[in-house]
Structure formats: C-alpha cells, structure tokens
Amino acid sequence: MTQNDKLNNKSVLDIIKFQLKNNIRQYTMFIALIGIMVIFSLLNGNFFTPRNLSTLMLQTAHIAILACGVVLVIVAGHIDLSIGAVVGLTGAACAILMRKFGGGLGGIVLAVVITLAIGAIIGLWQGYWVAYRKVPAFIVTLAGMMFFNGLLLKITNGETIPVPNAFKVIGQDYIPTIFGGSNSVKDMIPHNTTIVMLIAIIVIYVVMELKKRKERQTYEFEVLPSTLFVLKLLVVISMISFVFIILSLYRGVPYSTLLLMVVGGLYTFITTKTTFGRHVYAIGGNKEAAKLSGIDIKKRTLWIFISSGILGAIGGMLYTARLASATAAAGQGMELEVIAAAIIGGTSTLGGEGTIMGAIVGALVMATLNNGMLLMDVGTPERLIVKGFVLLLAVWIDISTRKKNA
C-alpha cells in the first residue's frame, strides 16, 4: 500500500490533523495574521478601508524585502544586526549620488546601480570576516552597525537630504491604470491594472499548486485528497482576491508592493529550486554534515551576506523614497523589526528552517499590529510591549515545535 493509499483511507479530520501537525509553524502566523486583521476591523471600522490597506502595504514593503535576505542569514545559523544601519547608509548614499548626478532618469539609474554595488560591497566585507576569518556574525554585524551608523552621520553631516520627485515614485506611488478609467474612490471604479494582476497571480498560484501536487503524486508522497485540495485553493484565492479587490477600490497596487512580489518570487525560487538554496538549509541544519557532503561553506556564507547587503540597499532606497528624503536617523532600530519579521514568520533561531513567504507574512503581522494600534490611538510604549510579546510567543512556538518533532 502506498503512502497515498494510507492517507486516503484516513478520515478528513485525521488528514487535517496530519497537515496541521507537520506544518504548524507555517500555518500559525498566517492564521494569526487573519485573526489580528479581523480583530482590528471589529474594533475600528477604518481598518479594512481601501486607503488604510494601501497604507499598510506601503509600510510593509521595505521590511518584507529586508526580511527576505535576513531569512537566508538566520537559516544558515547566523544573524545580521547591521541591516538597519545598511538601510540608512545606502539610502543616504543614493540621495547624495542623485543630488550629484541630477534628478533626471539617467542620474537616478546611475545612482541606483552604484547604491546596489555599495550594498554588495558591504555584504562582501561582512561575509569575508564571518566566512574566512571565523569571527561570529553577531560580532561582525554589531561592529558593522556601529561603523555604518558612524559613516551615515559623516556623509550626511546630520542634515536631511531630499530626493528627486521621480525617485519618490517607487516608495509612494501606485501602478497606473492600463485601460483608462478613474482612480477616484468616490466613483468606486475598480483599478483595472490591479484586477489584471489579480487574475495573473491566481493563474500562477493554481498552476504551481497543481504542478507541485503532480510531482508529489509521481514520487508517491502524501498529498491532500482532491476535495481538501480544491478547498485549500478556494480559500487562498478568496483571501488574495479580497486584498486585491480592496486595493483596486483605491489607487491600486503600490510600486513598492510590486517590487516586493518580484523579490519574494525570486528568493522563493532560489531557496526552493536551486542548489544554492538547498546548501543554505543544509548548512543551517547540520554544518558538519554539510561540510562532509562537499558543500563549500565559506563560499556559500559569503554569498549569503552579499545577498543581505544587496537587499539592504534595495530596502534602503525604498525607505528613502517613501520618506522623500534621507536622514542621519534613518534605519535606527529597523534591524529589530526585520529580524522579528523573519522569526515571527517561522524562521528558526536555531537555523535550518524558514521560508520567504513566512518572512513576508511575519512582516505583515508586525505592520498590521502597528497600523491597527495606531488607528486605535495606542501609545508607543504599549505598541512596543505588544510587538515584543508577539516575538517572544513566536520563538516559544519555534522551540516547542522542535522539541515535539524531536
């Protein structure tokens, strides 16, 4: 009897329990996100308005992008405490370069390319000390946080540096309609570009799920029965549609959200479909076994930090564009938000486990908590207490799950 036959002979309740047991860390925060949104919508009727949901997306994008890079770092068994300082430094560097090259398209593109190179160099520097000099990542990135914050103060002289209007688009603006029509909320005309994107995302999701199911059946791995599989598709499609339809009633999808989709899709592919991704998880799961299997741990570690540096530069430019300027205080404390997003999203503090989608969900959880409490006029101390408690709860779930599995 194959695994599929055994699974199909179980009751529906047994199958649901089986799936929850083996994917509890993936589902917990996703369910929590939905619960938090429902609670805030009941407490404040403005939470699920198109305008507020759009604002939530703008607030989440740069944290989620940074978390994608930090996931690889934590999965490999390291930590990056410098990511907030990298955001501030690269954002300021980009603003200074645009002021030097001019606010035209050519100057902006050149500034962006150089800033990405700066991010890669920062990652190369830190990765070298961790991989080849065996200095713990905690110390290297802590030193990096101090160094980059000092450099940020040096290059900005404590001043606020504005950015060109054309650059602000990526952090503040929305994808325009492609068939004409109105963006007015009063007219309640759906933003047609958003609807087109929704259809494309649904098609891609369904095709990928069907392909994944077929592959698992081919190798006689356990899969959900057809009824539950279809139900799962309908639930996910309904939630995606709900968010996009609300966005379509305002100004559509922000450019920053589109950039997050691209980065999230790319890093999901890297972590699940490439040799590099498998090596990263192997290193975090058992470093000695990974070394014995022939994995070049030093080289992989170096590239992990280069990746984090590049995404730090992207996040820095996005954050600067959203604020419309670079400041000497930019990025301070942001590393805590990013690391919290990755851990809340299911990335294990012990290494070896974590997903890109989970990190994005974690960033949404943090942003939703912050947004909802702001709508309810909750003070800063209370917001910090709540977010700290959520982080503690996420780590406890991680440790408890590992003990049960062991």
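Here is a yes/no grid of residues against (1) open to solvent by less than 50 Å² (accessible area, probe 1.4 Å); (2) in contact with a Cys (Cβ under 7 Å, 6 or more places away or on another chain); (3) within 30 Å of I306 (Cα to Cα); (4) outside any helix (DSSP H, G or I):
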{"site": "K214", "(1), (2), (3), (4)": "no, no, no, no"}
{"site": "E222", "(1), (2), (3), (4)": "yes, no, no, yes"}
{"site": "F244", "(1), (2), (3), (4)": "yes, no, no, no"}
{"site": "G252", "(1), (2), (3), (4)": "yes, no, no, yes"}
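Go through (1) open to solvent by 20 Å² or more (accessible area, probe 1.4 Å); (2) closer than 30 Å to H279 by Cβ; (3) in a helix (DSSP H, G or I) for K100 and report which single condition fails.
Only one criterion is unmet by K100, namely (2).
Every residue in the range 66-97 that is crowded, with 24+ Cβ neighbours inside 10 Å, of a type in the set (A, V, I, L, M, F, W, C) and more than 19 Å from T349 (Cα to Cα), please.
A85, V86, V87, L89, A92, A93, C94, A95
Taking the options R300, R322, R383, name whichever one is at pLDDT below 90 and either open to solvent by 20 Å² or more (accessible area, probe 1.4 Å) or not in a helix (DSSP H, G or I) (or both).
Answer to the selection: R383.
Filter the range 187-212 down to the residues that are within 30 Å of L249 (Cα to Cα), without any contact (Cβ under 8 Å) to a residue 24 or more places away in the chain and either part of a loop (DSSP other than H, G, I, E, B) or open to solvent by 70 Å² or more (accessible area, probe 1.4 Å) (or both) and list them by number.
Result: D187, I189, I199, V203, I204, V207, M208.
Show the residue pairs meeting these rules: Cβ distance below 6 Å; 6+ apart or different chains; first residue within the range 270-284 and within 12 Å of I356 (Cβ to Cβ); second residue of a type in the set (A, V, I, L, M) and surrounded by fewer than 20 Cβ atoms within 10 Å (Cβ to Cβ).
G277/I270
May I ask you to list the residues in the range 268-284 that are part of a helix (DSSP H, G or I) and open to solvent by 20 Å² or more (accessible area, probe 1.4 Å)?
Within the range 268-284, T268, F269, I270, T272, K273, T275, F276, R278, H279, Y281, A282 qualify.
Taking the stated definitions as given, is T355 at pLDDT below 90, open to solvent by 20 Å² or more (accessible area, probe 1.4 Å) and closer than 30 Å to I39 by Cβ?
Judged against the criteria, T355 is not a match.
Could you identify the single residue in K168, K134 that is open to solvent by 60 Å² or more (accessible area, probe 1.4 Å) and of a type in the set (D, E, K, R)?
Residue meeting the stated conditions: K134.
Are any residues in the range 12-33 at pLDDT 75 or above and more than 17 Å from L391 (Cα to Cα), and if so, which ones?
None - no residue of the range 12-33 is at pLDDT 75 or above and more than 17 Å from L391 (Cα to Cα), so the list stays empty.
The values are calculated or read from the model by the stated rules, or taken from the named source; none is laboratory data. Keep in mind it's a predicted model, so treat the numbers as computed, not measured. Every residue, glycine among them, receives a Cβ derived from its backbone with ideal geometry; neighbour counts consider all protein chains shown. Ligands, DNA and RNA are stripped out before the accessible areas are found, and what is left, the full protein with its side chains, is counted by its heavy atoms. Shrake-Rupley method; radii C 1.70, N 1.55, O 1.52, S 1.80 Å.
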